[in-house]
Amino acid sequence: MDQTLKEGQIEERKKRIFSGVQPSGNLTIGNYLGAIRNWTFLQDAYDCIYCVVNEHAITVRQNPADLRRQTYETLAVYIAAGLDVSKNVLFIQSHVPAHAELAWVLNCYTMFGELSRMTQFKDKSAKHSDNINAGLFDYPVLMAADILLYQADLVPVGIDQKQHVELCRDIAVRFNQIYPDTFTIPEPYLSKTGKKIMSLQDPARKMSKSDENENATVRILDSKDTILRKFKRAVTDSGSGIVYSEDKPGISNLMSIYSAFTGKDYPEIEAEFAGSGYGDFKMAVGETCADALAPVRQRFDELMKDKGYLESVAKQGAETASRIASRTLSKVYRKVGFVTF
Ligand code: ATP
Ligand code: LTN
């Protein structure tokens, strides 16, 4: 935001933030602690744009009715988690055609080899071996278009998305070398805690909203009973003692969740639970998590009763986003030599 300048003052523009979550299922505490909750901390200091990336979601087969419902649910979670609609631009990706349009141009400035190295592509093509479609391969280019359209400075994501943001930077630098001053070069923004929450059933794997094992994930909207039950069943390690260490991946994951919710560091947590058993610690993490999420769930329920309100937020967000995005897209079209009127 440009502020009114008095003589001698330096022009200040808030830095721009862009991020998004796929509406590919019920959101997990990984999505919350790795991404959405951090967005709420940034909303005063930055100019923030948050998108429900439904075009990304169809790189994996989705049931249309579920996708429609999950798109509104994801938007409702953004608001329920504390994103103020008057401070942030919230919108749905498919409402702004410039995302797909810029992605096409960027495709022609992205190398096959670069995309082949993306670990998410390797993981997802192993998981969906019957549907290794071109969109799954091209996904990071659409993500680069999302970010570059808004000239974002920072992209708050979990650690699994760092590689994609780095590729986005490489594409932007390459494009700017050919056509100077086109894109702002973005940086990934990772939180100190919560950037990598692991599965409760297999602490070697990331907690993921599309995991088929319900006990592996804690959903933002799970009831207190469900949350407590899932933590109770969480896989722990051999031995005993609440200690953060590489050879205790299960307990360390639970400690990182507890730390992210309470703000306590690992030595503090170790001191708090010195002498406690795994069972007691799991219950404490479950209680803390459930209590922290209760207000989000309550606000979510209210929001989902008012579809008209959610639609109006999405509509207004799409209008603002389109205005910003079309400026960048026109510039890109001019630079690459597309005829314009
Ligand atoms: P899917 O299972 O559909 O691939 P996902 O749960 O991995 O989805 P995304 O929509 O890909 O979630 O990610 C949305 C945001 O949440 C991204 O910023 C991502 O880095 C972050 N995120 C996802 N899972 C975790 C996790 N386990 N820990 C920390 N951050 C996460
Ligand atoms: N690829 C991300 C979701 C995503 C995104 C973005 C994140 C799509 N576009 C732009 C940040 C900025 C994911 O799978 N989590």
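Quick notes on this structure:
- Matching residues in region 22-34 - criterion: being touching a strand residue (DSSP E or B) at 6+ places or on another chain (Cβ under 7 Å), open to solvent by less than 10 Å² (accessible area, probe 1.4 Å) and within 6 Å of ligand 1 (Cβ to nearest atom): T28
- Taken over region 74-95, the criterion of being closer than 15 Å to Q22 by Cα and assigned to a helix (DSSP H, G or I) is satisfied by T74, L75, A76, V77, Y78, Q93, S94, H95.
- Close pairs (7 angstrom Cβ cut-off, 6 or more residues apart or separate chains): open to solvent by 40 Å² or more (accessible area, probe 1.4 Å) in region 184-206, in a strand (DSSP E or B) and more than 12 Å from ligand 1 (Cβ to nearest atom) anywhere: E187/L154; Y189/L154
- K162 satisfies every condition listed in (1) open to solvent by less than 60 Å² (accessible area, probe 1.4 Å); (2) modelled with pLDDT of 95 or more except (1).
- Restricting region 45-59 to residues that are open to solvent by less than 30 Å² (accessible area, probe 1.4 Å) and either among the aromatic types (F, W, Y) or within 12 Å of ligand 1 (Cβ to nearest atom) (or both), the residue that is nearest to N88 (Cα to Cα): Y50
- Taken over region 1-30, the criterion of being within 21 Å of A152 (Cα to Cα) and at pLDDT 95 or above is satisfied by K15, R16, I17, F18, S19, G20, V21, Q22.
- Only residues that are of a type in the set (S, T, Y) and not in a helix (DSSP H, G or I) were counted across region 126-148, and they come to 1.
- In region 149-169, the residues that are assigned to a strand (DSSP E or B) reach residues that are of a type in the set (G, A, S) and away from ligand 2 (no atom under 11 Å from the Cβ) with C-beta atoms within less than 9 angstrom, at least six apart or across chains, in these pairs: P156/S191.
The values are calculated or read from the model by the stated rules, or taken from the named source; none is laboratory data. Just so it is clear, the structure is predicted and the values come from calculations on it, not from any experiment. Backbone-built Cβ (ideal geometry, glycine too); neighbour counts: all protein chains shown. When the accessible area is computed, the model is the full protein with side chains, heavy atoms only, and any ligands, DNA or RNA have been set aside. Shrake-Rupley method; radii C 1.70, N 1.55, O 1.52, S 1.80 Å.
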